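Step one of this worksheet: look at the structure below.
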Amino acid sequence: MTAGELTQKQVKKGYMARMMGASLGYLGAVFGAAFVIDSDGPVNAITIALAIVPGVFILLMMRALWRYIREVDEVARHDYTRAMMGGLFVTVALSGSWGLVELFHHNLPRVPIFWVFPVFFLTFGLISCLRFKRFA
Amino acid sequence: MENNLKALRAERGWSQAALGERLNISRQSVNAIETGRYDPSLPLAFRIARLFGQPIERIFDDGAGDVAGEEAAP
């Protein structure tokens, strides 16, 4: 370990702080926007700006994850990268498949694109948990 | 790839967490390397070798035998 290099405990602690902050901000922004915006009301610059705010926290979560992947040790990086690929494959497969179903059946209910992000993080989280369950 | 990391660690009486702290990797990562689930990169393998004061090939075995010895054999 070289001088200035973070320990794994520091890396995890920093990641948890950044991710928790961004997650809470995301939840607050989503519920705040849902409370303020009347979805059947007129669209204007303010309602669009409010609806975009949760997206800022999504970017912050992605940045926290990116930084973690760069700082964490190589074994965890390998596992997290595989879990992210798994989450990505599941999300792309589900959204792509259902997208085709919607494309060919106009009377079916539309699934909001909003769900892409939670589905990705859910599958990524589940696959990551398998690693810790097996090697804890 | 097989390795004798667990035996070397046991000789020194170190826990997986203690070895992880010396290498700056997590306990789970030490476990993954010991059980052969993950083969370390060359930089990490060198760090492990230096920590135990042994050449890499005495800690890790890829099962291919001694290449240098094979070349020297008639």
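No value in this document is a laboratory result; all are computed from the given coordinates. Since this is a predicted model, take the numbers as computed values, not measurements. For neighbour counting, all protein chains shown are included, and Cβ atoms are generated from backbone atoms with ideal geometry for every residue, glycine included.
At-a-glance table
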item	result
Estimated FRET transfer efficiency when R0 is 45 angstrom, pair A:R82-A:E102 (beta carbons, to 0.05)	0.90
Distance between the range A:43-65 and the range A:19-39 - C-alpha centres, whole angstrom	9
GNM flexibility winner over chain B from B:G36, B:G53, B:G20 (Cα, springs under 10 Å)	B:G53
A:V36-A:F117 FRET efficiency (beta carbon distance; Förster radius 30 Å; 0.05 resolution)	0.90
The range A:65-136: relative contact order in percent, alpha carbon pairs under 8 Å with at least 6 residues between	43
Mean residue ellipticity (222 nm) of chain A, computed from DSSP H runs ≥ 4 via -39,500 (n - 2.57), nearest 500	-28000 deg cm²/dmol
Degrees between helix A:74-104 axis and first principal axis of chain A (Cα, 0 to 90, nearest 10)	10
Cβ charges +1 (Lys, Arg) and -1 (Asp, Glu), total dipole of the range A:65-108, debye	60
Tilt relative to chain A, helix A:116-135 - C-alpha long axis, 0 to 90 degrees, to 10	30
Within 10 Å of each Cβ in A:76-84, the average number of Cβ atoms from other chains	2
Choice from A:A45, A:A64, A:A76 showing the highest fluctuation, given a GNM over chain A with Cα pairs closer than 10 Å	A:A45
Crossing angle, helix A:45-71 versus chain A [Cα axis fit, 0-90 degrees, rounded to tens]	20
For residues of B:29-40, the mean tally of beta carbons on other chains within 10 Å	4
Projected label distance in nm at B:R12 and A:L59, using a 7 Å step from Cα toward the beta-carbon	4.5
